[in-house]
(Lines give C-alpha, C1' and ligand atoms only; values in the text may rest on other atoms or scores of the structure.)
Protein backbone atom coordinates (compact mmCIF):
# COMPACT_ATOMS: atom_id res chain seq x y z
CA UNK A 1 0.00 0.00 0.00
CA UNK A 2 1.48 3.32 -1.08
CA UNK A 3 1.56 6.05 1.55
CA UNK A 4 2.63 9.67 1.82
CA UNK A 5 3.81 11.80 4.71
CA UNK A 6 5.12 15.27 5.51
CA UNK A 7 7.10 16.68 3.84
CA UNK A 8 5.04 15.44 0.90
CA UNK A 9 7.70 16.09 -1.78
CA UNK A 10 11.09 14.34 -1.99
CA UNK A 11 13.20 15.19 1.05
CA UNK A 12 15.79 16.94 -1.15
CA UNK A 13 13.19 19.48 -2.33
CA UNK A 14 12.93 22.81 -0.51
CA UNK A 15 9.75 24.36 -1.91
CA UNK A 16 8.05 26.73 0.55
CA UNK A 17 5.18 29.19 0.05
CA UNK A 18 3.10 26.47 -1.60
CA UNK A 19 0.02 27.61 -3.54
CA UNK A 20 -2.08 24.58 -4.58
CA UNK A 21 -4.42 24.89 -7.56
CA UNK A 22 -6.60 22.25 -9.19
CA UNK A 23 -6.55 22.54 -12.97
CA UNK A 24 -8.44 19.75 -14.69
CA UNK A 25 -7.89 16.43 -12.96
CA UNK A 26 -4.57 17.38 -11.33
CA UNK A 27 -3.47 19.57 -8.45
CA UNK A 28 -0.40 21.74 -9.07
CA UNK A 29 1.74 23.26 -6.33
CA UNK A 30 3.50 26.52 -7.11
CA UNK A 31 6.01 27.85 -4.63
CA UNK A 32 9.30 29.60 -4.30
CA UNK A 33 12.40 27.41 -4.32
CA UNK A 34 14.95 27.46 -1.53
CA UNK A 35 18.45 26.07 -1.76
CA UNK A 36 19.76 23.70 0.89
CA UNK A 37 22.57 25.54 2.64
CA UNK A 38 21.57 28.80 0.95
CA UNK A 39 22.20 32.16 2.57
CA UNK A 40 19.13 33.87 1.09
CA UNK A 41 15.48 33.02 0.49
CA UNK A 42 14.40 31.43 -2.81
CA UNK A 43 17.76 31.10 -4.54
CA UNK A 44 16.67 28.45 -7.09
CA UNK A 45 14.45 28.59 -10.18
CA UNK A 46 10.71 27.99 -9.92
CA UNK A 47 9.78 24.33 -10.30
CA UNK A 48 6.38 22.66 -10.16
CA UNK A 49 5.02 19.39 -8.81
CA UNK A 50 1.59 17.94 -9.59
CA UNK A 51 -0.52 14.97 -8.57
CA UNK A 52 -3.82 13.39 -9.68
CA UNK A 53 -6.64 14.78 -7.55
CA UNK A 54 -7.62 11.23 -6.60
CA UNK A 55 -4.09 10.09 -5.64
CA UNK A 56 -2.13 12.54 -3.50
CA UNK A 57 0.56 9.92 -2.90
CA UNK A 58 1.73 10.28 -6.50
CA UNK A 59 3.56 13.63 -6.92
CA UNK A 60 5.22 14.19 -10.27
CA UNK A 61 8.16 16.53 -10.87
CA UNK A 62 7.24 18.88 -13.73
CA UNK A 63 10.70 20.46 -13.98
CA UNK A 64 11.79 24.07 -14.04
CA UNK A 65 8.85 26.24 -15.10
CA UNK A 66 10.46 29.71 -14.86
CA UNK A 67 14.11 30.67 -14.42
CA UNK A 68 15.41 33.54 -12.33
CA UNK A 69 17.08 35.10 -15.40
CA UNK A 70 14.01 35.28 -17.67
CA UNK A 71 12.74 38.59 -16.33
CA UNK A 72 14.59 41.38 -18.22
CA UNK A 73 15.29 43.05 -14.87
CA UNK A 74 17.10 39.95 -13.66
CA UNK A 75 19.22 38.75 -16.57
CA UNK A 76 22.28 38.27 -14.35
CA UNK A 77 20.45 35.45 -12.54
CA UNK A 78 21.47 36.86 -9.17
CA UNK A 79 18.00 37.84 -7.97
CA UNK A 80 15.61 35.61 -6.06
CA UNK A 81 12.08 34.70 -7.15
CA UNK A 82 9.88 35.08 -4.09
CA UNK A 83 6.47 33.49 -3.45
CA UNK A 84 4.32 33.24 -6.64
CA UNK A 85 0.71 32.53 -7.52
CA UNK A 86 -0.91 31.21 -10.70
CA UNK A 87 -4.38 31.66 -12.21
CA UNK A 88 -6.03 30.42 -15.40
CA UNK A 89 -6.96 33.50 -17.40
CA UNK A 90 -10.16 34.03 -19.31
CA UNK A 91 -8.23 33.30 -22.49
CA UNK A 92 -7.40 29.80 -21.22
CA UNK A 93 -3.73 30.55 -20.62
CA UNK A 94 -2.01 30.37 -17.24
CA UNK A 95 -0.55 33.49 -15.63
CA UNK A 96 2.19 33.38 -13.01
CA UNK A 97 2.55 36.44 -10.73
CA UNK A 98 5.71 37.00 -8.71
CA UNK A 99 7.83 39.56 -6.92
CA UNK A 100 11.61 39.30 -7.11
CA UNK A 101 13.86 40.22 -4.20
CA UNK A 102 14.31 43.68 -2.65
CA UNK A 103 16.28 44.94 -5.66
CA UNK A 104 13.04 45.11 -7.65
CA UNK A 105 9.80 46.76 -6.56
CA UNK A 106 7.23 45.59 -9.13
CA UNK A 107 5.07 42.52 -9.75
CA UNK A 108 6.22 40.46 -12.72
CA UNK A 109 3.94 38.27 -14.83
CA UNK A 110 4.79 35.21 -16.91
CA UNK A 111 2.42 33.19 -19.10
CA UNK A 112 2.09 29.64 -20.38
CA UNK A 113 -0.36 27.55 -22.41
CA UNK A 114 -0.08 24.74 -19.84
CA UNK A 115 -0.32 24.85 -16.03
CA UNK A 116 3.16 23.32 -15.62
CA UNK A 117 4.82 25.60 -18.15
CA UNK A 118 7.19 26.45 -19.48
CA UNK A 119 6.34 30.06 -18.56
CA UNK A 120 7.58 33.01 -20.58
CA UNK A 121 8.02 36.58 -19.37
CA UNK A 122 4.93 38.67 -20.13
CA UNK A 123 5.37 42.04 -18.40
CA UNK A 124 4.98 44.10 -15.24
CA UNK A 125 1.70 45.00 -13.55
CA UNK A 126 1.26 48.67 -14.48
CA UNK A 127 -1.23 51.53 -14.46
CA UNK A 128 -3.01 52.81 -17.54
CA UNK A 129 -0.07 55.11 -18.31
CA UNK A 130 2.29 52.16 -18.36
CA UNK A 131 4.01 52.96 -15.07
CA UNK A 132 4.69 49.77 -13.07
CA UNK A 133 2.88 49.52 -9.74
CA UNK A 134 5.43 49.89 -6.99
CA UNK A 135 7.46 52.54 -8.82
CA UNK A 136 5.12 55.48 -8.25
CA UNK A 137 5.64 57.81 -5.27
CA UNK A 138 2.27 56.87 -3.77
CA UNK A 139 2.79 53.10 -4.02
CA UNK A 140 3.46 50.76 -1.13
CA UNK A 141 5.79 47.76 -1.28
CA UNK A 142 4.55 45.06 -3.67
CA UNK A 143 5.06 41.63 -2.14
CA UNK A 144 3.73 38.04 -2.29
CA UNK A 145 1.07 38.55 -4.97
CA UNK A 146 -2.12 36.49 -4.90
CA UNK A 147 -4.49 36.48 -7.87
CA UNK A 148 -8.13 35.49 -8.23
CA UNK A 149 -10.78 35.64 -10.98
CA UNK A 150 -14.35 35.87 -9.67
CA UNK A 151 -17.43 34.26 -11.18
CA UNK A 152 -18.41 37.57 -12.81
CA UNK A 153 -15.05 37.77 -14.61
CA UNK A 154 -13.49 40.48 -12.43
CA UNK A 155 -9.78 39.88 -11.85
CA UNK A 156 -8.36 40.74 -8.42
CA UNK A 157 -4.68 41.07 -7.53
CA UNK A 158 -3.64 41.09 -3.87
CA UNK A 159 -0.25 42.20 -2.61
CA UNK A 160 1.47 43.51 0.46
CA UNK A 161 3.79 43.31 3.40
CA UNK A 162 3.31 44.67 6.90
CA UNK A 163 5.52 45.76 9.79
CA UNK A 164 6.41 43.20 12.46
CA UNK A 165 7.24 45.63 15.25
CA UNK A 166 5.57 48.87 16.36
CA UNK A 167 8.68 50.94 15.70
CA UNK A 168 8.72 49.75 12.08
CA UNK A 169 5.39 51.39 11.33
CA UNK A 170 5.85 54.38 9.07
CA UNK A 171 9.50 53.63 8.27
CA UNK A 172 8.63 51.93 5.00
CA UNK A 173 5.60 52.27 2.70
CA UNK A 174 4.02 48.93 3.68
CA UNK A 175 0.41 47.87 3.41
CA UNK A 176 -1.99 45.13 2.39
CA UNK A 177 -3.65 46.13 -0.88
CA UNK A 178 -6.03 44.82 -3.54
CA UNK A 179 -6.55 46.06 -7.09
CA UNK A 180 -8.58 44.97 -10.11
CA UNK A 181 -6.90 44.02 -13.38
CA UNK A 182 -8.00 44.44 -16.97
CA UNK A 183 -8.45 41.35 -19.12
CA UNK A 184 -4.88 41.72 -20.38
CA UNK A 185 -3.83 40.52 -16.87
CA UNK A 186 -1.27 43.36 -16.65
CA UNK A 187 -3.03 46.72 -16.52
CA UNK A 188 -4.74 47.76 -13.30
CA UNK A 189 -8.41 48.60 -13.64
CA UNK A 190 -8.63 50.17 -10.18
CA UNK A 191 -5.96 51.74 -8.00
CA UNK A 192 -4.55 49.66 -5.12
CA UNK A 193 -6.64 50.08 -1.98
CA UNK A 194 -5.98 49.03 1.58
CA UNK A 195 -7.37 45.65 2.58
CA UNK A 196 -6.09 44.06 5.83
CA UNK A 197 -5.14 45.68 9.17
CA UNK A 198 -1.45 45.97 10.00
CA UNK A 199 0.26 45.86 13.38
CA UNK A 200 -1.00 48.74 15.51
CA UNK A 201 -4.26 49.02 13.58
CA UNK A 202 -6.20 46.15 15.15
CA UNK A 203 -6.22 46.84 18.88
CA UNK A 204 -9.48 45.76 20.53
CA UNK A 205 -10.54 43.83 17.42
CA UNK A 206 -10.56 40.13 16.58
CA UNK A 207 -7.40 40.70 14.50
CA UNK A 208 -5.37 41.76 17.57
CA UNK A 209 -2.14 39.72 17.76
CA UNK A 210 -2.95 38.24 14.34
CA UNK A 211 -2.46 41.31 12.14
CA UNK A 212 -1.43 40.95 8.50
CA UNK A 213 2.25 40.49 7.75
CA UNK A 214 2.48 38.90 4.27
CA UNK A 215 1.46 35.94 2.06
CA UNK A 216 -1.86 36.97 0.47
CA UNK A 217 -3.92 34.04 -0.85
CA UNK A 218 -7.59 34.08 -1.85
CA UNK A 219 -10.31 31.46 -2.44
CA UNK A 220 -14.09 31.63 -2.89
CA UNK A 221 -16.13 29.12 -0.88
CA UNK A 222 -19.93 28.90 -0.89
CA UNK A 223 -20.28 32.48 -2.08
CA UNK A 224 -17.87 33.94 0.49
CA UNK A 225 -14.27 35.07 0.09
CA UNK A 226 -11.54 33.53 2.23
CA UNK A 227 -8.31 35.48 2.53
CA UNK A 228 -5.37 33.44 3.87
CA UNK A 229 -2.30 35.27 5.17
CA UNK A 230 0.73 35.02 7.42
CA UNK A 231 0.35 37.02 10.62
CA UNK A 232 2.84 39.11 12.57
CA UNK A 233 3.57 36.01 14.65
CA UNK A 234 5.29 34.55 11.56
CA UNK A 235 4.66 30.88 12.37
CA UNK A 236 0.89 30.90 11.78
CA UNK A 237 -1.36 31.07 8.75
CA UNK A 238 -4.64 32.85 9.45
CA UNK A 239 -7.76 33.50 7.43
CA UNK A 240 -10.41 36.20 7.14
CA UNK A 241 -13.85 36.04 5.49
CA UNK A 242 -15.97 38.55 3.60
CA UNK A 243 -19.01 38.76 1.36
CA UNK A 244 -16.89 40.91 -0.96
CA UNK A 245 -13.54 40.11 -2.60
CA UNK A 246 -11.98 43.51 -1.93
CA UNK A 247 -13.30 44.84 1.42
CA UNK A 248 -14.98 44.21 4.78
CA UNK A 249 -13.07 41.09 5.89
CA UNK A 250 -13.62 39.69 9.37
CA UNK A 251 -10.98 37.63 11.16
CA UNK A 252 -11.78 33.93 10.94
CA UNK A 253 -9.02 32.24 12.92
CA UNK A 254 -5.74 30.40 12.65
CA UNK A 255 -5.41 27.54 10.16
CA UNK A 256 -2.01 26.07 11.09
CA UNK A 257 1.18 26.98 12.94
CA UNK A 258 4.61 25.61 12.02
CA UNK A 259 5.48 25.90 15.73
CA UNK A 260 2.38 23.72 16.33
CA UNK A 261 1.04 26.31 18.77
CA UNK A 262 -2.75 26.04 19.23
CA UNK A 263 -3.79 28.81 21.58
CA UNK A 264 -7.41 27.67 21.78
CA UNK A 265 -6.18 24.40 23.32
CA UNK A 266 -3.74 26.27 25.58
CA UNK A 267 -0.82 24.81 23.60
CA UNK A 268 1.38 27.89 23.73
CA UNK A 269 4.85 26.33 23.94
CA UNK A 270 6.54 25.96 20.52
CA UNK A 271 6.91 22.33 19.52
CA UNK A 272 9.40 23.10 16.72
CA UNK A 273 12.05 25.66 15.96
CA UNK A 274 9.93 27.86 13.73
CA UNK A 275 9.96 30.74 11.27
CA UNK A 276 7.89 32.45 8.61
CA UNK A 277 4.92 30.65 7.08
CA UNK A 278 3.11 30.92 3.75
CA UNK A 279 0.61 28.77 1.91
CA UNK A 280 -2.89 28.38 0.58
CA UNK A 281 -6.02 26.25 0.87
CA UNK A 282 -7.55 24.13 -1.86
CA UNK A 283 -10.47 21.75 -2.31
CA UNK A 284 -9.02 18.54 -3.76
CA UNK A 285 -11.37 15.68 -4.64
CA UNK A 286 -13.93 16.89 -2.08
CA UNK A 287 -11.45 17.47 0.77
CA UNK A 288 -10.02 20.82 1.93
CA UNK A 289 -6.29 21.05 2.63
CA UNK A 290 -3.92 23.72 3.91
CA UNK A 291 -0.44 23.80 2.36
CA UNK A 292 2.33 25.44 4.41
CA UNK A 293 6.06 25.01 5.15
CA UNK A 294 8.49 24.09 7.91
CA UNK A 295 12.11 25.12 8.57
CA UNK A 296 15.22 22.93 8.44
CA UNK A 297 19.02 23.07 8.83
CA UNK A 298 18.98 25.78 11.56
CA UNK A 299 18.02 28.26 8.85
CA UNK A 300 15.21 30.38 7.45
CA UNK A 301 16.48 29.59 3.95
CA UNK A 302 15.86 25.83 3.60
CA UNK A 303 12.11 25.37 3.96
CA UNK A 304 10.04 22.32 3.03
CA UNK A 305 6.40 22.01 2.02
CA UNK A 306 3.86 20.27 4.25
CA UNK A 307 0.07 19.90 4.08
CA UNK A 308 -2.82 19.01 6.40
CA UNK A 309 -6.48 18.13 6.02
CA UNK A 310 -8.95 20.88 6.94
CA UNK A 311 -12.57 20.52 7.94
CA UNK A 312 -15.06 23.21 6.97
CA UNK A 313 -17.88 23.46 9.49
CA UNK A 314 -21.50 24.14 8.57
CA UNK A 315 -21.10 27.78 9.67
CA UNK A 316 -18.14 28.31 7.31
CA UNK A 317 -15.41 28.06 9.97
CA UNK A 318 -12.10 26.22 9.60
CA UNK A 319 -10.84 25.02 13.01
CA UNK A 320 -7.07 25.13 13.42
CA UNK A 321 -5.31 21.85 12.64
CA UNK A 322 -2.25 20.41 14.33
CA UNK A 323 0.89 19.45 12.47
CA UNK A 324 1.00 15.77 11.56
CA UNK A 325 3.33 13.31 9.91
CA UNK A 326 0.53 11.68 7.91
CA UNK A 327 -0.54 14.92 6.16
CA UNK A 328 -2.00 14.09 2.75
CA UNK A 329 -2.18 10.36 3.45
CA UNK A 330 -5.94 10.35 3.99
CA UNK A 331 -5.59 8.62 7.34
CA UNK A 332 -3.02 7.27 9.81
CA UNK A 333 0.15 5.60 8.58
CA UNK A 334 0.34 1.82 8.67
CA UNK A 335 2.16 0.06 11.47
CA UNK A 336 4.43 -2.06 9.28
CA UNK A 337 7.41 -0.63 7.42
CA UNK A 338 10.29 1.83 7.52
CA UNK A 339 9.80 5.55 8.03
CA UNK A 340 12.38 8.35 7.70
CA UNK A 341 13.06 10.18 10.96
CA UNK A 342 12.59 13.52 9.22
CA UNK A 343 8.79 13.12 9.08
CA UNK A 344 8.63 14.26 12.73
CA UNK A 345 5.92 16.87 13.19
CA UNK A 346 7.31 18.01 16.56
CA UNK A 347 11.04 18.23 17.20
CA UNK A 348 12.79 19.79 20.18
CA UNK A 349 15.34 19.28 22.95
CA UNK A 350 15.70 20.27 26.59
CA UNK A 351 15.53 23.97 25.70
CA UNK A 352 12.33 25.59 24.45
CA UNK A 353 12.31 25.80 20.65
CA UNK A 354 13.09 29.20 19.21
CA UNK A 355 13.17 30.85 15.79
CA UNK A 356 15.16 28.91 13.18
CA UNK A 357 18.27 31.04 13.01
CA UNK A 358 21.75 29.75 13.91
CA UNK A 359 22.32 32.80 16.12
CA UNK A 360 19.23 31.89 18.18
CA UNK A 361 19.31 28.10 17.96
CA UNK A 362 23.08 27.76 18.41
CA UNK A 363 23.57 24.03 19.02
CA UNK A 364 20.94 23.67 21.73
CA UNK A 365 18.34 22.00 19.54
CA UNK A 366 17.97 18.96 17.29
CA UNK A 367 17.36 19.91 13.67
CA UNK A 368 16.76 18.50 10.20
CA UNK A 369 19.68 18.39 7.77
CA UNK A 370 21.16 16.24 4.98
CA UNK A 371 24.48 14.61 4.07
CA UNK A 372 25.17 16.44 0.82
CA UNK A 373 24.74 19.72 -1.04
CA UNK A 374 21.58 20.99 -2.70
CA UNK A 375 20.24 18.45 -5.19
CA UNK A 376 18.99 19.17 -8.71
CA UNK A 377 16.90 16.27 -10.10
CA UNK A 378 17.55 17.50 -13.65
CA UNK A 379 21.35 17.22 -13.42
CA UNK A 380 22.36 15.27 -10.29
CA UNK A 381 22.22 11.49 -9.91
CA UNK A 382 22.32 10.52 -6.24
CA UNK A 383 19.98 12.35 -3.85
CA UNK A 384 21.34 13.28 -0.42
CA UNK A 385 20.05 11.54 2.68
CA UNK A 386 18.16 13.69 5.16
CA UNK A 387 18.16 12.99 8.90
CA UNK A 388 17.77 14.58 12.33
CA UNK A 389 21.02 15.64 13.95
CA UNK A 390 22.19 16.96 17.33
CA UNK A 391 19.97 14.59 19.33
CA UNK A 392 21.04 14.91 22.96
CA UNK A 393 19.61 14.23 26.40
CA UNK A 394 16.04 15.56 26.40
CA UNK A 395 15.61 15.04 22.63
CA UNK A 396 11.96 14.60 21.59
CA UNK A 397 10.58 13.69 18.16
CA UNK A 398 6.82 13.20 17.81
CA UNK A 399 5.08 11.49 14.88
CA UNK A 400 1.30 11.70 14.28
CA UNK A 401 -0.46 9.30 13.52
CA UNK A 402 -0.09 5.52 13.16
CA UNK A 403 -2.60 2.69 13.14
CA UNK A 404 -0.94 0.47 15.73
CA UNK A 405 -2.45 -2.88 14.87
CA UNK A 406 -0.38 -5.88 15.99
CA UNK A 407 2.89 -3.95 16.41
CA UNK A 408 5.39 -6.15 18.21
CA UNK A 409 8.77 -4.55 17.60
CA UNK A 410 10.30 -1.17 16.84
CA UNK A 411 13.83 -0.34 15.69
CA UNK A 412 15.76 2.88 15.14
CA UNK A 413 18.80 3.53 12.94
CA UNK A 414 21.26 6.03 14.43
CA UNK A 415 24.93 6.98 14.55
CA UNK A 416 27.04 9.03 16.95
CA UNK A 417 28.61 8.85 20.40
CA UNK A 418 25.39 8.61 22.39
CA UNK A 419 25.01 6.13 25.22
CA UNK A 420 21.61 5.69 26.82
CA UNK A 421 18.04 4.81 25.95
CA UNK A 422 15.43 6.02 23.48
CA UNK A 423 11.97 5.52 24.96
CA UNK A 424 8.85 5.36 22.82
CA UNK A 425 5.41 6.44 24.06
CA UNK A 426 2.21 7.90 22.65
CA UNK A 427 3.00 11.45 23.83
CA UNK A 428 5.84 13.28 25.63
CA UNK A 429 4.43 12.53 29.08
CA UNK A 430 2.82 9.21 28.13
CA UNK A 431 3.37 5.66 29.27
CA UNK A 432 6.39 3.91 27.83
CA UNK A 433 5.61 1.28 25.18
CA UNK A 434 9.23 0.49 24.21
CA UNK A 435 12.71 1.18 25.50
CA UNK A 436 15.59 0.97 23.00
CA UNK A 437 19.10 0.89 24.43
CA UNK A 438 21.67 2.57 22.15
CA UNK A 439 25.48 2.73 22.27
CA UNK A 440 28.15 4.62 20.27
CA UNK A 441 28.23 3.80 16.56
CA UNK A 442 30.44 5.55 14.01
CA UNK A 443 28.31 4.37 11.08
CA UNK A 444 24.55 3.90 10.84
CA UNK A 445 23.51 1.12 13.21
CA UNK A 446 20.10 -0.32 14.01
CA UNK A 447 18.90 -0.92 17.59
CA UNK A 448 15.59 -2.57 18.40
CA UNK A 449 13.22 -3.50 21.19
CA UNK A 450 9.91 -5.28 21.77
CA UNK A 451 6.86 -3.10 22.23
CA UNK A 452 3.83 -3.03 24.49
CA UNK A 453 1.70 -0.86 22.23
CA UNK A 454 -2.07 -1.00 22.40
CA UNK A 455 -3.99 -1.42 19.17
CA UNK A 456 -5.53 1.77 17.80
CA UNK A 457 -4.62 5.07 16.22
CA UNK A 458 -1.83 6.77 18.14
CA UNK A 459 1.11 9.15 17.93
CA UNK A 460 4.62 7.83 18.49
CA UNK A 461 6.98 9.90 20.62
CA UNK A 462 10.74 9.16 20.72
CA UNK A 463 12.74 10.62 23.62
CA UNK A 464 16.39 10.18 24.59
CA UNK A 465 17.94 10.02 28.04
CA UNK A 466 21.68 9.59 28.26
CA UNK A 467 25.03 11.10 27.34
CA UNK A 468 26.54 12.23 24.04
CA UNK A 469 24.52 12.89 20.90
CA UNK A 470 23.40 11.05 17.81
CA UNK A 471 21.95 11.40 14.32
CA UNK A 472 18.55 9.78 13.73
CA UNK A 473 17.99 8.34 10.24
CA UNK A 474 14.87 6.13 10.36
CA UNK A 475 12.69 3.82 12.38
CA UNK A 476 10.91 0.60 11.50
CA UNK A 477 7.67 -0.79 12.88
CA UNK A 478 7.17 -4.57 12.85
Problem set entry | Scope the range 259-283; condition in a strand (DSSP E or B), surrounded by fewer than 21 Cβ atoms within 10 Å (Cβ to Cβ) and in contact (Cβ under 8 Å) with a residue 60 or more places away in the chain; matching residues | 262, 283
Exercise. Tell me, which strands (runs of 3 or more DSSP E) lie completely within the range 377-441 with 2 or more residues that are touching a helix residue (DSSP H, G or I) at 6+ places or on another chain (Cβ under 6 Å) and in contact (Cβ under 8 Å) with a residue 60 or more places away in the chain?
Worked result: 386-391
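Residue-wise test of (1) within 27 Å of the chain's Cα centre (by Cα); (2) at pLDDT 95 or above.
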site: 331; (1), (2): yes, yes
site: 370; (1), (2): yes, yes
site: 375; (1), (2): yes, yes
site: 380; (1), (2): yes, yes
site: 385; (1), (2): yes, yes
site: 406; (1), (2): no, no
site: 416; (1), (2): no, yes
site: 420; (1), (2): no, yes
site: 428; (1), (2): yes, yes
Problem set entry | Residue count for the range 75-110, restricted to those that are within 15 Å of residue 157 (Cβ to Cβ) and surrounded by 18 or more Cβ atoms within 10 Å (Cβ to Cβ) | 15
For this session: Among the residues of the range 343-359, count how many are touching a helix residue (DSSP H, G or I) at 6+ places or on another chain (Cβ under 9 Å) and part of a strand (DSSP E or B).
Result: 1
For this session: Scan the range 145-169 residue by residue and report those that are part of a loop (DSSP other than H, G, I, E, B) and more than 16 Å from residue 211 (Cα to Cα).
Result: 145, 150, 151, 152, 153, 154
Problem set entry | Given (1) surrounded by fewer than 22 Cβ atoms within 10 Å (Cβ to Cβ); (2) in contact with a strand residue (DSSP E or B) (Cβ under 8 Å, 6 or more places away or on another chain); (3) part of a loop (DSSP other than H, G, I, E, B), index of the condition residue 196 fails | (1)
Exercise. Is there a residue being closer than 25 Å to residue 283 by Cα, part of a loop (DSSP other than H, G, I, E, B), at pLDDT below 95 and more than 14 Å from the chain's Cα centre (by Cα) anywhere in the range 312-324?
Worked result: no
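Just checking, does the range 103-112 include any residue being more than 26 Å from the chain's Cα centre (by Cα), in the same structural domain as residue 187 (by TED's automatic domain parsing) and not in a loop (DSSP other than H, G, I, E, B)?
Here is the first cut: in the range 103-112, the ones more than 26 Å from the chain's Cα centre (by Cα) are none.
Scanning the range 103-112 turns up no residue that is more than 26 Å from the chain's Cα centre (by Cα), in the same structural domain as residue 187 (by TED's automatic domain parsing) and not in a loop (DSSP other than H, G, I, E, B).
The values are calculated or read from the model by the stated rules, or taken from the named source; none is laboratory data. Keep in mind that what you see is a predicted model, and the values were worked out from it rather than measured. Here the Cβ is made from the backbone with ideal geometry for all residues, glycine too, and neighbour counts use every protein chain on show.
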